[in-house]
Each structure stands twice: as C-alpha cells, then as structure tokens.
Amino acid sequence: MIYFDNAATSFPKSPRAIAEATVCMRTWCGNPGRGAHFLSRATSEKVYACRELLSDFLGLNAPERIVFTQNTTFALNMALKGALRHGDHVLCSELEHNAVLRPLHALQQERGISFDTFPVLGRTAEQILQEITTRIKKNTAAVVCLHASNICSLSLPLSSIGAFCRARGLLFMVDAAQSAGHLPIDMHTMQIDALAVPAHKGLLGIPGCGVLALGERISLSTLIEGGSGVNSLSRTMPEEFPERFEAGTLPVVAIAGLCGGISHVMELGSTELENRAKRLFFAARERIEALGGFEIYEPTAAGAVLLFNKIGMPSTELARILDKAGICTRAGLHCAPLAHQALKTPTGGAVRLSFGAFNTSAEVDVLWRVLQHEFC
C-alpha cells in the first residue's frame, strides 16, 4: 500500500506516538484532576508536560492557554462561537474548509452575524491585505483563515495578516489543520489570537485529540459546560484556564500520542518536513505533467498537497483506479466546496495527493507507472 492521504490523517503513525500512547495505557492512564491518588496526579503532570511542549512548539509561551479538544473542528467551533457576538462581521478566505464555513453559517442563522470572503489565489501578501481592507466594515470583529489549504499547497501570509489585525483591533483566528508540523508556526510573532491544531495529521499523533491555543487578548464564552475537577460547588465553569474550556474527561491516550508525535516532528524539524514535501510535490507534478491529459490545480504552489484530475474523467473513477493499484488518495470536494469553486475544479471535484513524513520518491515513481499503464 502507498498512502497519499495524509491531509485526512497521517499514516503510518509516528513510532513515538504509538509508544507514548501504549505507555500511557499501561502505566499512567488516570483521570487528571479527578482523584486524590498518585495515578491521577501522575496523569495531570503528564498532561501539563504536553501543554508545555505545545506552548513552546507553537510560540505561545503560556501552557495554561493550551486547551485540549476532541479535534480541530471542535476547537474552531469553540473559538468562533465563544468569541463572536450578535451582529458581528467576519472575514474569511476563499479557501476555507467547512470547519470554518459551517460554524459561520450557523452563527449567521442564530446570532445574525455576517461574513464575507476575500480572494487569495494569485495574490501577494500585500494584495491579500488590500482585499481584506476593502471588505472591512464598522462591525468587523475578526479575520479567520486557514494557514495552508487542504486541497492545494497554497499557504497564507499569517505574519502580515496578524499584524494587520492587531493594528486594527481585530481578532485573528487560524485553522492550522494542514500546516502544524509542516510549516513553522509562532503565535507571538504571527500575532494569532486563536489557533486550532489537530493531533493526528502533521504532528503524527493519533486521532481523538485537537488543540485550541489561545492568545492573551482573546476572551471566550464556553461552548459546553460540565465537570472540570475545580470548584465543584459552583454552577458555572471556573474562570481559570484551561479548566474553563475542558469540561469532562480529557482524551488522555491521544494527548500522550500527541506528545510523542510532536517530539518526533521537532527532531526532524518543520523545515526539513516542508522541504521533503516540496520535493515529493515537484516529483509528482513533473511526472503527471509529462503524461499529458491531466490537469493540476495551482501547480506553482509547492507543498504537501497536489490536486489533479484526468481530463474528462470523474475524480472518483480516477481515485478508484489508484485504489485498485494500492494507492490511497481522496477524490471529491474534500469538505471545501468554496475552495474548489475558487480553483475552478469540475462539479465532482478532483483527486488529492497529500504527502506525509514517511512518503518517499520511490512511491511517487510507482504512482507515475500506474498512471502511465492506465492512460498511456
């Protein structure tokens, strides 16, 4: 099997993630903050150590503002629904995933917020800022955008957008589902107020855990309420971070796996992982273009994702052919219909190759031979 679907979830998982999760289940898998015994205390210490690791890795320098969630989508819902108020206006990019678009739509229906999209394709950082500027209204409260697209390798200039938002008093929220682990992130330098990160993609952890990292400027209402292990007599959630936003039992095993995955990524280095993905992208692009009869979308943006189609063939059929040959890809709209519209893919979307830490150039060669055999 050749796995080119790392944008959905990384595979195989980091050996360190597997080892840490296994050690957790065998030796310290208690319920943090929910017991007056050594196992609960040990688990609390391990979980806090992961907060510290994440805080350093993301340039936050405030471990208590690392909030564990069940996934990135949940984290984005917490940020958007916790920060936006009735009548607010929001700006988001034309490439956003449904993890941003659907919460915004729900808030539009429930709280009367409004939102507009700004174009980014084919534009410099300065031009993107100009597009944002022309769309700002008196009631604009936030800019929310992805760091890197899940259907092409385009990334947005976060430092420029963050500085722009800070100068105008706007909140800046970022979906890092496709960038954490591949691209450097520094919340302080990029002036990010809320950052949503998955454990199981570029950070090489296991599913079941996401992260919402919160800057010091942002204040959120709670999305869910429940037991926190703190001040049980109160009917309201505590004010302290992170307990205010972590109702119920934490996904301790997935947190342990995340800790192991981050350690692996830090040893390899985000720059090396980014360069490795670009080398695979260039190799795949060169071979697909040489075959003829294929279309590659946004081919000049090199990175971990390559989107393509066989001209005249439904994307699902192309993906089926590759699957039959043992090559895992993903066809369709990838939960990002707005982005596909911007890229002008067919109604049925396109096929996505997404490279991870363990892919090789030899696997790209196999892809090329399969396509050559089927279509040449």
Subject >> aspartates and glutamates with Cα under 16 Å of Lys344, excluding same-chain neighbours fewer than 8 positions away >> reply: Glu94, Glu96, Glu295, Glu298
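Quick one: which of Lys81/Lys278; Lys81/Lys137; Lys46/Lys201; Lys81/Lys310 span more than 31 angstrom between C-alpha atoms? Please report the intermediate quantities before stating the final value.
Values: Lys81/Lys278 36 Å; Lys81/Lys137 20 Å; Lys46/Lys201 22 Å; Lys81/Lys310 40 Å.
Those over the limit are Lys81/Lys278; Lys81/Lys310.
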Original post:
Once both labels are modelled 7 Å past Cα along the beta-carbon direction, what's the Tyr48-Arg217 spacing in nm?
Top reply: 3.0
Subject >> Spatial separation of Cα centroids for segment 285-316 and segment 147-177, in angstrom >> reply: 26
Subject >> Convex hull per residue volume in Å³, alpha carbons only, for segment 1-131 >> reply: 184
Subject >> Counting DSSP beta bridges with both ends in the chain, the antiparallel % (nearest 5) >> reply: 50
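Give the value in nm², to one decimal: projected area of the alpha carbon convex hull of segment 56-207, averaged over all directions. Can you show the working numbers first?
Details: hull surface 34.4 nm².
The orientation-averaged projected area of the Cα hull of segment 56-207 comes to 8.6 nm².
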Subject >> Unit Cα scatterers, Debye sum, segment 119-228: log10 I(q)/I(0) for q = 0.22, 0.24 Å⁻¹ >> reply: -1.29, -1.42
Original post:
Using +1 on the beta carbon of Lys and Arg, -1 on that of Asp and Glu, and nothing else charged, what's the dipole of the chain about the Cα centre, debye to 20?
Top reply: 380
**OP:** Count the DSSP beta bridges whose two residues both fall in segment 122-261, then state the antiparallel fraction as a percent rounded to the nearest 5.
**Re:** 40
Original post:
For segment 217-230, in order, what is each residue's ³J(HN,Hα) by Karplus, 6.51 cos²θ - 1.76 cosθ + 1.60 with θ = phi - 60°, in whole Hz (x at glycine and Pro)?
Top reply: 7, 8, 10, 10, 7, 7, 8, 9, 10, x, x, 10, x, 10
Subject >> Positive minus negative residues near Gly205 (Lys, Arg vs Asp, Glu; Cβ under 15 Å) >> reply: +3
Subject >> Label-point separation, Ala125 to Thr249 (7 Å along Cα→Cβ), nm >> reply: 4.6
Original post:
Could you give the alpha-carbon Rg of segment 288-365 over 2.2 N^0.38 Å, rounded to two decimals?
Top reply: 1.06
**OP:** Quick one: which residues, 5 or more positions from Arg330 or on another chain, have an amide H under 5 Å from its amide H? H modelled 1.01 Å from N in the peptide plane, none for Pro or chain starts.
**Re:** Arg352
**OP:** Give the relative contact order (percent, whole number) for the chain; include only Cα pairs under 8 Å separated by 6+ residues.
**Re:** 24
Subject >> Debye equation applied to the C-alpha atoms of segment 205-326, log10 I(q)/I(0) at 0.11, 0.14, 0.21 Å⁻¹ >> reply: -0.70, -0.86, -1.17
**OP:** Report, in debye and to the nearest 20, how large the dipole of segment 1-117 comes out about its Cα centre when Lys and Arg carry +1 and Asp and Glu carry -1 on their Cβ.
**Re:** 540
Original post:
Using a 1.4 Å probe, what is the accessible area per residue for the chain, in Å²?
Top reply: 42
**OP:** Please report Rg over Rh for segment 242-291, where both radii come from the alpha carbon positions and Rh follows the Kirkwood definition.
**Re:** 1.30
Original post:
Using +1 on the beta carbon of Lys and Arg, -1 on that of Asp and Glu, and nothing else charged, what's the dipole of segment 194-288 about the Cα centre, debye to 20?
Top reply: 540
Subject >> Two-decimal ratio, the chain, of alpha-carbon radius of gyration to 2.2 N^0.38 Å >> reply: 1.01
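Counting only DSSP beta bridges with both residues in segment 171-231, what percent are antiparallel, rounded to the nearest 5? Show your work: numbers first, answer last.
Values: 5 of 9 bridges.
Rounded to the nearest five, the antiparallel share is 55 percent.
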**OP:** Please work out the Cα center distance from segment 5-42 to segment 243-263, rounded to the nearest Å.
**Re:** 8
Original post:
How far is it, in nm, from the label point at Ile136 to the one at Leu291 when both lie 7 Å from their Cα along the line to the Cβ?
Top reply: 4.6
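The values are calculated or read from the model by the stated rules, or taken from the named source; none is laboratory data. Since the model is a prediction, treat every value here as computed from it, not as a measurement. Neighbour counts run over all protein chains shown; Cβ positions are idealised from the backbone, glycine included. The area values use the complete protein model at the heavy-atom level, side chains included, leaving out ligands, DNA and RNA. Shrake-Rupley method; radii C 1.70, N 1.55, O 1.52, S 1.80 Å.
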